[in-house]
Amino acid sequence: MNTKASILSAKPVICLAALAACAFASGPVKAAGHEVTVKISVRAEGLDLSRPADAWEVYRRLSFAARIACGDGNRVGLQPPSSFVDCYEKALGDAVRSVNRPQLNIVYLATHTSRDAETYGIEVPARMAAK
């Protein structure tokens with residue numbers, strides 16, 4: 001019974017962390033001579049970030065949000081940042097770091113190097129650091 005209670009109370013924390021990640025899954029774009037920050041909400045409702053498949057789904061959503069934020073932000077008249085790749089990597093790295101869940105960090109490391117993780121402050125699980 002305690003296990004169910006801790007799982008149920010962990011879900012809102014995961015959702016809040018994923019929603020907080022939306023602040024990091026954003027990128028600056030230029031509009032009429034000034035910088036604008038695009039923020040995109042990423043929902044993780046119903047997903048359990050301790051499960052690999054769900055962690056991959058959250059990572060996919062964060063990646064998609066970073067692509068939009070670092071492009072034109074789905075807004076007319078906004079010019080994308082000068083370096084899409086730099087913006088995208090920073091937005092994605094910051095979002096993964098802000099969620100700070102081991103399984104999501106492992107997913108990030110499946111597509112990035114340990115050095116990339118270090119750049120954005122993402123914790124590398126001990127079993128992966130040895131590789």
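The values are calculated or read from the model by the stated rules, or taken from the named source; none is laboratory data. On a predicted model such as this, the values are computed, not experimentally measured, just so you know. FYI the Cβ positions are ideal-geometry reconstructions off the backbone, even for glycines, and counts take in every protein chain you see. Areas reflect the complete protein model, heavy atoms only, side chains present, ligands, DNA and RNA absent. Shrake-Rupley method; radii C 1.70, N 1.55, O 1.52, S 1.80 Å.
Annotation note: of ALA66, ALA55, ALA91, the sole residue that is buried (at least 22 other Cβ atoms within 10 Å of the Cβ), touching a Lys or Arg at 6+ places or on another chain (Cβ under 8 Å) and of a type outside the set (Phe, Trp, Tyr) is ALA55.
Taken together, the residues in region 85-111 that are in a helix (DSSP H, G or I) and among the basic types (Lys, Arg) amount to 2.
Residues of region 29-72 that are more than 18 Å from ASP86 (Cβ to Cβ), outside any loop (DSSP other than H, G, I, E, B), hydrophobic (A, V, I, L, M, F, W, C) and at pLDDT below 90: ALA31 alone. Filtering region 69-88 to residues that are open to solvent by less than 40 Å² (accessible area, probe 1.4 Å) and closer than 19 Å to GLY121 by Cα leaves CYS87, TYR88. The number of residues in region 65-108 that are of a type in the set (A, V, I, L, M, F, W, C) and over 26 Å from ASP54 (Cβ atoms) comes to 5.
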